[in-house]
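To start, the structure under review is shown below, and the notes come after it.
Read the figures in this text as sums done on the coordinates, not as results from a lab. Keep in mind that this is a model prediction, so the values were computed, not measured. Because the Cβ atoms are built from the backbone with ideal geometry, glycine has one as well, and the counts that use them run over all protein chains shown.
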Ligand code: GDP
């Protein structure tokens, strides 16, 4: 399936290039369709495990939501998930995390579980336990496999285990201890009949520590190609690597935005020799800002969950794009300030751009300006995201 999806994306790129050469209007329509699909691909992540295992806390942490925030999955050991509950990503309506009841609860007996939760809609399953996976978890994993879906084991609350180990061991070694816990957990699952179990040790209170990055890398690698961007955009900004990946995913689309902008309503910008489709730039930059969690609501949520005051998070941003309403005027003003940057474009670069996208030369200048502008603004937003992340974890 992976190969199929991969080649179909490759094929779409080829078709776009071909159409741009022979019939640019059709080419632009194809690009719009491609971008629409890329940015609205549904991604449904199932989180299952016994009550109290930490499902809700993980769902909230992944979405960058504090347990006490509005829209948070209810947490606390007495809460019981009795229904399949969807929790949409706050900034990406196409991405949903689903809180599933534990296997074997009265309404969800083990033998009917997958049918009752509607397993077909889920892209993959994360099975959570506080490092002791029980018979029901194993049964479920085997059943998920039989249904042709993937599953991953997540040991939650690893911070508690580490704290306890640190207190009880004289020569505490963090890495050795983590490995011992992981190996022990894998052995338990192997003994219960799971082949090559994938186990990740996570603290939902500190996603940037422990194995969350390994879980993220594994999922990204194992997801079909057409789902990867949706997943990367939905990730919490909890490491330099994730911020870099998001930036690369957005960068990969810039040439297409640029091509679309070259047929859009271009507006003259003071100081710039070419007109630019400001409305398009505004829309794309808004996506960058929410994608990197730099809009006001996301930053307030981050302030809540990190305990770092909102004003301090805002103070480290320099792009002028975060924590504000992005207006056409703001974009126009920024473009004017960027005039020098964009004016540096040389004929050689413009013609290279022409070859990459297959766009006719006459449409190139304005499109190329958009291309440069978007790269520049994306760099700025991603740099802000990195500074905000560093501030939040300090
Ligand atoms: P659910 O019933 O599976 O949804 O479990 P909850 O998310 O409600 O978590 C149960 C309890 O474990 C709550 O008191 C959480 O605060 C706590 N908890 C969940 N995840 C973690 C974690 O990673 N570390 C620590 N220390 N506590 C956690």
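Points to keep in mind about this one:
- Our summary gives the chain a relative contact order of 18 percent, counting only alpha carbon pairs under 8 angstrom and 6 or more residues apart.
- The C-alpha atoms of the chain define a longest principal axis, and helix 225-234 lies at about 80 degrees to it.
- Our helix-only sum for the chain, with -39,500 (n - 2.57) per DSSP H run of n ≥ 4 divided by its residues, gives a mean residue ellipticity at 222 nm of -18000 deg cm²/dmol.
- Cα-based shape type of segment 196-337, given that a ≥ b ≥ c are square roots of the gyration tensor eigenvalues and the cut on a/c is 1.5: oblate
- Order by protection proxy (mean Cβ within 10 Å, highest first), peptides 201-212, 145-156: 201-212, 145-156
- Cα gyration tensor shape for segment 86-159, rounded if a/c is under 1.5, else prolate or oblate: oblate
- Among 41, 318, a tally of other beta-carbon atoms within 10 Å of each Cβ gives an order, fewest to most, of 318, 41.
- Crossing angle, helix 24-40 versus the chain [Cα axis fit, 0-90 degrees, rounded to tens]: 20 degrees
- Separation of alpha-carbon centers, segment 129-164 and segment 165-181, rounded to whole Å: 22 Å
- Relative contact order %, segment 41-234, counting alpha carbon pairs below 8 Å whose residues are six or more apart: 23 percent
- In terms of the mean number of neighbouring beta-carbon atoms within 10 Å, the peptides 369-377, 13-21, 238-246 order highest first as 369-377, 238-246, 13-21.
- Ellipsoid fit via the Cα gyration tensor, the chain: semi-axes of 43, 25, 18 Å, each the root of five times an eigenvalue, largest first.
- Cα gyration tensor, segment 41-234 - rounded (a/c under 1.5), prolate or oblate: rounded
- Between segment 26-42 and segment 87-115, the Cα center-to-center distance that results, in Å: 30 Å
- Among 228, 121, 301: highest mean-square fluctuation, GNM of the chain, C-alpha pairs under 10 Å: 121
- Across segment 240-348, the relative contact order, built from alpha-carbon pairs under 8 Å that are at least six residues apart, equals 27 percent.
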